[in-house]
Amino acid sequence: MTDHATETPAPAELVLDEISKTYGQNRAVGNISATIPAGKVSVIVGPSGAGKTTLLRIITGLEEATSGRVLFDGEVVNGVPEGLAMVFQDYSRSLFPWMRVEDNVAFPLRRRTSKAERAQRVEEALKAVGLDGKGRLYPWQMSGGMQQRVAIARALACQPRLLVMDEPYASVDAQTRAELEDLLLSIQAQLDITVLVVTHDIDESVYLADRIIVLSKPPSTVAEVIDVGLARPRDQITTKEEAEFVHARAHVLRLLRGTATPDDASDVRVA
Amino acid sequence: MTDHATETPAPAELVLDEISKTYGQNRAVGNISATIPAGKVSVIVGPSGAGKTTLLRIITGLEEATSGRVLFDGEVVNGVPEGLAMVFQDYSRSLFPWMRVEDNVAFPLRRRTSKAERAQRVEEALKAVGLDGKGRLYPWQMSGGMQQRVAIARALACQPRLLVMDEPYASVDAQTRAELEDLLLSIQAQLDITVLVVTHDIDESVYLADRIIVLSKPPSTVAEVIDVGLARPRDQITTKEEAEFVHARAHVLRLLRGTATPDDASDVRVA
Amino acid sequence: MQLIHDPLTRRTQVVLGVVGVVGFVAVLELVIRTGLLSGEGLPLPSAVGGQVVNLLGDGEFWTQIGFTLRQWLLGLVIASVVGIILGGLMGAVPTIFSMFLLPVEILRPLPSIAVGPLLVLILGAGMLPLSLTVALACMWPILFNSMYAARAVDPVAIQTARTLHVSRAGILMQIRLPAALPFMFTGIRVAASIGLIVAVSAELLFGSGQGIGGYILVASTNASNLDGVYAATLVAGVLGVLVTGVLASIDRLAFGWKEGLAQ
Amino acid sequence: MTHDESTAMPSTRLPHRLGPLLKTAAIRLIVPVLLAFLWWLGSRSETNGLFIAPPLEVAQRVISDFLSTDPRHFFLGDVARGDLIPSLWRATLGFWLAVVVGVGLGIALGLQPVLAALFQPLVHLGRSLPTPALIGVFFLLFGTGDWPKVLLIAFGIVWPILFNTIDGVQSIGTARAHVASVFKISSWDVLTRIVLPGAAPKIFAGVRVALSLSLILMIISELQRSKNGLGNLLVANQRNFDYPGFWSVLVALALIGIVLNVLLVQIERRVLAWHRGVTLQHD
Amino acid sequence: GGDGGDGSGDGDELTEITVGVLPLADYAPVYWAEDHGQYEEQGLKVTFEPLQGGPVGIQQVVAGELDFAFSNAISSTVASAQGAPVQTVALVSGLGEDELGVFVTPESPIEELGDLDGATVGINTTNNIGDVTFARHAQEEGVDAEPEWVEVPFPEMVAGVQNGSIEAGYLPEPYATAARQAGLRQVANLVQGETVGLPVSTFVTSTQFANSDADTVERFAKALNAARDDMEGKDDEFRSWWPEATDADPEATAEMHLPVLDVQLSVEGMQDIADFMAELGIIDEGYDASEFTIVNED
Ligand SMILES: Nc1ncnc2c1ncn2[C@@H]1O[C@H](COP(=O)(O)OP(=O)(O)OP(=O)(O)O)[C@@H](O)[C@H]1O
Ligand SMILES: Nc1ncnc2c1ncn2[C@@H]1O[C@H](COP(=O)(O)OP(=O)(O)OP(=O)(O)O)[C@@H](O)[C@H]1O
Ligand SMILES: [Mg+2]
Ligand SMILES: [Mg+2]
């Protein structure tokens, strides 16, 4: 993946400054402030309907916040920032069924790269997600999990500075999910990019994260920001058997249940 | 839930006898033999495309096996057996969009129960899945997780002897998922029914199961049957911190990765 | 390029719609009056408007509207009954599908307006042949929609019903029919607006002086009364818009759950 | 795991297939044959026999009017050259005009809610006007040549294309629209690679309806104020009590309709291959 | 259907008949007879059915839908030559002097009959009175003129000529008067000389009805003859009565040319027209008018 990113730009830092969003009467996002550190993996977890997807839409400039601002490398976000790529929650609808898989992946690169480079990047991205040789298929000829991986490959092929993913692994089986988690971590390390992931899976959140942002029930605020100190590179089996991992996940679970007590957080550093 | 089940029938036992299924050239299910013990929770895990859904369709009599037979309480299954309820993987399509939620739940009870009893059972079932007061909505007015819970409520309202569920919690958030897992366990204990669940989530499989049936890659066979001895009632936090739990999940994960070694299984009883 | 826009409020929509209509009328009036569009016999909005007022004050004209509506309704009902039954059967039973495919493909391209005069000759004057002409035009959208609807019922829904021990008849009545109804109704909606056009056209081309078309016919035998013709045409058009609106409301009310099928 | 014999496809030998083939043919032909018989019965009827020409006579007329043995005329008969070709030419022109205008306008209205709101009432009214009553306007504006007919055909059939295009553009979906902005796709690519292909299935549905309507309007546009064409011929034959001629035009129309339909299905197969795949998957 | 009746009009029972009509001055006697008692005298009760045009009337008569329908000698000759079982039973008027004309704009380069050769000329229906009388007129004048006829409804003819959609338009009364009022120039008068009084405006019935209800046919014919005779010479009364009877424009009626009412249905007259049509190639040679004409003139 990295061979071509000869002059990799610096990873982006993201600051959320008192963001709130109201749809009509419905307050989707309460009041959220947080920092997504550059070159790290941050994970947002929170109950269904907490406004996670809405928050990502605001961060990526797809939607305007009702109040507050997003700073991308210190500048106020206003439209979709350069160097950003996103994997959508609704993966099957975010792929274009009239394009072959390879064209879907290549689509954002059109007009930006030469044909040869495009072909190579597509091939590499598909290989990375375990879909080499499937480029000539159409998305609807694939299983749900494969489609989700195509969406991930498309985002990777962009070589973004900030990679935003909304429940990227919801539809893949446990084994593939584990592989894709490891892929994400290795790419993040290689390219030194900023990654922001939304997930429902608490194990996953702890496994991936340098920082976990736990949202409360709607109208959502930040319930807690947890910095995870687990060593990298991580391993699906050994990392998850570590005491810090087990306790961090229990802590997140308690937070989500609304029963967190200060003691539980003793073995994770609270930001 | 149980007040009305005055004369609860005995839970059903299910035996799979050398089941295989071929679609055209494509062998979806290799050769599967297993026993689903009566009054217990059994969980099937396996890679995507292993034929889990296909297997459930055969068990419920929706599809015929290419070879082999299914015994339901010792009798060969031939059509949909009485006393069975199923939650489909494709929950949004298995709810009827032209019926309100309460009518969806009441639908299987038509002609079997009086109107008053029906209303009460529906109310109880909806309450059990945390949807009390939402009965007048249409399914499509609900979020994905809520729809999935409606499907579960419908199956519960039937008061079945055998409850079959295909990835029932795929679309609900972690918190709700935990609650629904506990709900399933408590109902299973109260009603003393047989439960068969397919899941992608390894934590969930260990947490729920008395018995885990791990399928291999397609054409699938039974890779291993693991009996889980964790005490009941189980608790989302303490049970998952137990050593047996941690090791059982690591074992299943290794099995699915195809890297299982005999030693790993030392602390779980292999059937 | 922006693909998503915030939906306009109901009020903005109405205001814009009125602006559009008024603007169009003004431009047309101007273009004809200034002779930009060579003038004689063209519909000058002010003149046509005056005629519309005259027409609507004329009780006789309302009788003709009534005739057209009854004729249209009869045609639509005939088309719906035949279309739904035949289309549903073709969708559900492969043998019936192959039996009727060829005749349907042969008969469909026949312009009903061209066949209408024959119906008048064979069945005589009056409403029936006109209604049959309407039915002939309306039948195809209803038939095809019913056919696809009967086929497209979600197999998961049917399997669900089977695990719930619903009988075959129950599946037909409780699952297949309700699932197919909204698509059938869409067919009826499409057919209804085509049908009204055909109804007026049929009266105009081979009717016996009744209905809005008949009125246009009689009005046009009077020397150079083209404005009356345009006025009646306009009224027929507005009638079509109203009918479409009513059917759309019925659709929303009865089949609001259709949203649940949009994936 | 190896496949055993029981999973192999049952072998299909030719003789076994001939029986079912005949059976399908028989099933397919039952109703057409029945209809032809009813037609023949009708032509024997005492009161209506005059208007219902016997099938055989009609078939002869179709051959004698529409075909000839003269290779210089491409084996086309007088009627084919004098009426059929002009009719088809107008219908084709009107059809393409409607496609271009309908799709172009539909995309504009679909993308711009303000434009859509501005034109909505007019568009609904235009769709509901009885077309035959408008022949006069087109005659007064454009005379008696091909253009009034071409324009009338286009005016009459543009509506389903327009409505379906608007619908198709609006149903591209939030998700795909968001992809376009996140990945900063250029406007031209959005138009040609997202909007058009995304709306294509609906546009095609509209085009299909428009195609069958175009034959109807072709006839209507030639009923009066025309020097030739199948519609003109239809009226003339009927007026002159030439009912075999009248029926032969109907038969010709049905044949044209079938040919056009087959053509469109072929085009659709190619252009919308992806869409067939998607829908088959959901079946 | 018109069954029963015993020939005289003094029975209590009126015979009901349906007649297809169009409010044209040439067929005025059919309306006159209603308002002036000639039907009653014959024991008939008439229901009018407005028709879209002459050919439809013939078809509906043959189909048994109508008992009688207005027609003209040319349409019914074409129909019967093609084998349609129709009978001409009454003649209500002949062509009046200057009743049919061809009109152009004042600026048009078309100055005389010969200039119409190859020109696009609007006409209500082809193979009918307009083009037949035109051919007859051209023949009488010795001019070789064959226009390209295009079917255009009368109400649009004037506007069509003014807009240049057609080069010229054929118009009968009352449209001809309206055309003159609109400032159009007449380049041809199709009814002059021999053609005046050409027996064209007729009523037809089906051969079947003529056989089964010969008596009704006779009474209908007599009523129309009586009305026609009654109207003769009452031009002023005609002009004041016509707008009331048919909603026609009174101004146009005041100036329109009236049809010739001094006519009688005869086989010879019908044969004469048929022979000319055969000459023009509209029908085959050998047509025998006596087979399709029932004369009930006194
Ligand atoms: N376009 C909209 N209009 C009105 N309300 C909306 C809209 N989009 C989202 N909402 C509401 O905002 C809230 C937050 O929605 P959002 O999709 O951001 O939740 P989420 O945290 O992503 O949930 P999930 O985990 O289920 O994906 C919900 O209550 C939802 O109903
Ligand atoms: N109707 C069918 N026709 C042909 N092949 C089928 C059909 N249904 C399933 N298969 C194939 O059978 C295999 C097993 O499918 P199944 O849906 O049972 O897998 P699964 O284990 O449930 O997977 P997942 O975890 O993704 O739900 C797959 O390879 C699939 O492609
Ligand atoms: Mg979300
Ligand atoms: Mg499955």
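The values are calculated or read from the model by the stated rules, or taken from the named source; none is laboratory data. Keep in mind it's a predicted model, so treat the numbers as computed, not measured. With ideal geometry, Cβ positions are generated from the backbone for all residues, glycine too; neighbour counts draw on all protein chains shown.
Quick look at the values:
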read-out: Options C:L239, C:L205, C:L234; residue that is crowded, with 18+ Cβ neighbours inside 10 Å, at the interface with chain D (Cβ under 10 Å from one of its Cβ atoms) and within 30 Å of E:Q60 (Cα to Cα); value: C:L205
read-out: Qualifying residue in the range B:116-126 (condition: away from ligand 1 (no atom under 16 Å from the Cβ), closer than 24 Å to B:A170 by Cβ and either assigned to a loop (DSSP other than H, G, I, E, B) or among the polar types (S, T, N, Q) (or both)); value: no
read-out: Some residue of the range E:194-206 being at pLDDT 85 or above, within 14 Å of the chain's Cα centre (by Cα), surrounded by fewer than 24 Cβ atoms within 10 Å (Cβ to Cβ) and not in a loop (DSSP other than H, G, I, E, B); value: yes
read-out: Every residue from the range D:25-55 that is in contact (Cβ under 8 Å) with a residue 12 or more places away in the chain and either loosely packed, with under 12 Cβ neighbours inside 10 Å or hydrophobic (A, V, I, L, M, F, W, C) (or both); value: D:A36, D:W39, D:W40, D:L50, D:F51, D:I52, D:A53
read-out: First in the range B:94-107 and more than 8 Å from every other protein chain (Cβ to nearest Cβ), second anywhere and in a loop (DSSP other than H, G, I, E, B) and buried (at least 24 other Cβ atoms within 10 Å of the Cβ), Cβ under 9 Å, 6 or more apart; value: B:V101/B:L95; B:N104/B:L95
read-out: Residue among C:G228, C:G211, C:G187 that is at pLDDT 85 or above, within 14 Å of chain E (Cβ to nearest Cβ) and touching a Phe, Trp or Tyr at 6+ places or on another chain (Cβ under 9 Å); value: C:G211
read-out: So B:P47, is it more than 16 Å from ligand 1 (Cβ to nearest atom), within 14 Å of chain A (Cβ to nearest Cβ) and either closer than 24 Å to C:T160 by Cα or in a loop (DSSP other than H, G, I, E, B) (or both); value: yes
read-out: Residue count for the range B:81-107, restricted to those that are away from ligand 2 (no atom under 16 Å from the Cβ) and not in a loop (DSSP other than H, G, I, E, B); value: 9
read-out: Any hit, the range E:284-291, residues being in contact with a helix residue (DSSP H, G or I) (Cβ under 7 Å, 6 or more places away or on another chain) and at pLDDT below 90; value: yes
read-out: Residue within the range B:35-50 that is away from ligand 3 (no atom under 16 Å from the Cβ), at pLDDT below 85, within 20 Å of the chain's Cα centre (by Cα) and among the aliphatic types (A, V, I, L, M) present; value: yes
read-out: Per-region count, the range B:53-73, residues hydrophobic (A, V, I, L, M, F, W, C) and within 13 Å of chain C (Cβ to nearest Cβ); value: 4
read-out: Test: residue in the range E:272-280 that is free of Cβ contacts under 8 Å to residues at least 60 places away in the same chain and within 19 Å of the chain's Cα centre (by Cα); value: yes
read-out: Residue satisfying all of: in the range B:205-242; of a type outside the set (S, T, Y) and touching a Phe, Trp or Tyr at 6+ places or on another chain (Cβ under 7 Å); farthest from the other protein chains (Cβ to nearest Cβ) among these; value: B:L230
read-out: Failed item in (1) among the hydroxyl-bearing types (S, T, Y); (2) more than 16 Å from ligand 2 (Cβ to nearest atom); (3) over 12 Å from A:V43 (Cβ atoms), with A:T176 passing the rest; value: (2)
read-out: Residue match in the range E:129-141 (condition: assigned to a loop (DSSP other than H, G, I, E, B) and surrounded by fewer than 24 Cβ atoms within 10 Å (Cβ to Cβ)); value: no
read-out: Only listed residue being farther than 25 Å from A:A50 by Cβ and either within 15 Å of ligand 3 (Cβ to nearest atom) or of a type in the set (A, V, I, L, M) (or both), chosen from A:L196, A:L191; value: A:L191
read-out: D:V179 vs. criteria buried (at least 21 other Cβ atoms within 10 Å of the Cβ), modelled with pLDDT under 85, touching a helix residue (DSSP H, G or I) at 6+ places or on another chain (Cβ under 6 Å) and more than 26 Å from D:I63 (Cα to Cα); value: yes
read-out: Any hit, the range B:13-25, residues being buried (at least 18 other Cβ atoms within 10 Å of the Cβ) and part of a loop (DSSP other than H, G, I, E, B); value: yes
read-out: Scan of the range A:137-158 for residues that are part of a loop (DSSP other than H, G, I, E, B) and either among the hydrophobic types (A, V, I, L, M, F, W, C) or more than 13 Å from chain D (Cβ to nearest Cβ) (or both), ordered by number; value: A:L137, A:M142, A:C158
read-out: For B:D90: the one exception among (1) surrounded by fewer than 19 Cβ atoms within 10 Å (Cβ to Cβ); (2) away from ligand 4 (no atom under 13 Å from the Cβ); (3) within 27 Å of B:A125 (Cβ to Cβ); value: (2)
read-out: Any strands (runs of 3 or more DSSP E) falling wholly within the range A:159-264 and containing at least 1 residues that are surrounded by fewer than 21 Cβ atoms within 10 Å (Cβ to Cβ); value: A:211-215, A:220-227
read-out: Residue within the range E:32-52 that is within 12 Å of the chain's Cα centre (by Cα) and either more than 11 Å from chain C (Cβ to nearest Cβ) or surrounded by fewer than 23 Cβ atoms within 10 Å (Cβ to Cβ) (or both) present; value: no
read-out: Count of the range A:164-199 residues which are within 16 Å of ligand 1 (Cβ to nearest atom) and touching a residue at least 60 places away in the same chain (Cβ under 8 Å); value: 11
read-out: Count of residues meeting criterion [away from chain D (no Cβ under 14 Å), of a type in the set (K, R) and in contact with a helix residue (DSSP H, G or I) (Cβ under 8 Å, 6 or more places away or on another chain)] in the range A:117-136; value: 1
read-out: The range A:74-93 - residue that is over 21 Å from D:R176 (Cα atoms) and touching a residue at least 12 places away in the same chain (Cβ under 8 Å) and, of those, farthest from the other protein chains (Cβ to nearest Cβ); value: A:G74
read-out: Test: residue in the range B:94-115 that is in contact with an Asp or Glu (Cβ under 6 Å, 6 or more places away or on another chain) and closer than 22 Å to B:E167 by Cβ; value: no
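A quick yes/no check of all residues on (1) over 18 Å from C:M184 (Cα atoms); (2) free of Cβ contacts under 8 Å to residues at least 60 places away in the same chain; (3) out of contact with any Gly (no Cβ under 7 Å at 6 or more places or on another chain):
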{"site": "C:M127", "(1), (2), (3)": "yes, no, yes"}
{"site": "C:S131", "(1), (2), (3)": "yes, no, no"}
{"site": "C:A157", "(1), (2), (3)": "yes, yes, yes"}
{"site": "C:T163", "(1), (2), (3)": "yes, yes, yes"}
{"site": "C:V166", "(1), (2), (3)": "yes, yes, yes"}
